[in-house]
Each structure stands twice: as structure tokens, then as C-alpha cells.
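Remarks on the structure that follows.
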Ligand code: S3P
């Protein structure tokens, strides 16, 4: 069974763009769980949060993760909160190498705020503070990854190349 590469980490750390390019370079398939949620729900995440609430979103996310965790030879980009539910972690880990992308709160702010599509940051009056608090709460979950890459000063290509090196080393072990 060919392992999946699973990208986890906070909003704005580049999971979707990195995942897409990584899959292309490694000739693997690609799925972005947020995109799949939007396709299945026929709605934008921002609206799903507004209309149906976060719990509803998390339940859909859990089902989608259970489904994609069964795939083989996929790069899977997840939403920033996906790994908080133990069940999601267990599912993704079954056939996946977990790589966490990180960035400083300031960099996350720069990358996310202009997009206006992050329901969990949009309502905050002090976004940097909210990012810091959320990072603190989520730290123990992100730390469960097999590898961590700080993306703060790196472009997408550099991050992808770093992951490819990790994967080559992993494959050499087997
Ligand atoms: C979330 C991150 C988002 C999306 C949703 C919730 C989070 O994904 O799943 O808005 O809880 O951190 P990105 O990490 O792709 O922004």
C-alpha cells in the first residue's frame, strides 16, 4: 500500500498550494479536504460556518477525512483545525506520513487576512492575538506530526523540495 502524504498545520501555512505542487512533482494524486467539503456541500466554507455553524462543518470534515484516509498514493491537504479531533488524527495516520507546515503569527496574518475567507479569524478585533492564542491551543496537536517545516521565509517551491527530500529518506527506510 503506497502511503499518503498528509499536510497539516495552521491557516496560511501553504498547505493547499504546497500540496498541489508536491503531488504534481511526485506524480501523485491530490485532494484538498476543504475543497472537497465545499464541493459536497455545494457551498463556501465561510457560508457553511455562518449558516450551519462550526460543529456542522467539523462533522462534515470528519466524514471527508475518514473517506480520504482510505486513499493510496495521495497528497492530502487538510484544513487547519482538522487534526484537533483525535479520530481525524488516527484516520490520517493509518496510511499517511504527517507533515506539519508552520509560520510565525505575523506571517500567517499577512497571508490570510487579505483573502477574507477564514471564518475563525474574520470576526476578531485583534487578529494577531487570536492567531497567537489559537496556535498555543493547537500546538500539542500539530506537534504530533512526523515532520515539521517552518515556511515563514520559504516559497512554495522550496517547501515542496524540502518535503521531497523527507519522502525520499522515508522511502529509503523501507
Ligand atoms: C480552519 C481552517 C480552514 C478551514 C476552516 C477552519 C481552522 O482551512 O478548514 O476555515 O479551524 O483552522 P485552512 O487551514 O486551509 O485555512
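When the Gaussian network model of the chain links Cα atoms closer than 10 Å, the mean-square fluctuations of 163, 113, 37 top out at 113.
Under the simplified labelling scheme, the residue 122-residue 143 pair shows an inter-label distance of 3.3 nm, with each label point 7 Å from Cα along Cα→Cβ.
When peptides 87-94, 52-59 are ranked by their average number of other Cβ atoms within 10 Å per residue, the highest-first order is 87-94, 52-59. Mean projection of the Cα convex hull over all viewing directions, computed for the chain: 9.5 nm². When each of 16, 77 is scored by the number of other beta-carbon atoms lying within 10 Å, the sequence from fewest to most is 16, 77.
Here, each number is a calculation from the coordinates, and none is a lab measurement. As the structure is a computational prediction, the values presented were derived from the model and not from experiment. In this analysis, Cβ positions are derived from the backbone assuming ideal geometry, glycine residues included, and neighbour counts consider all displayed protein chains.
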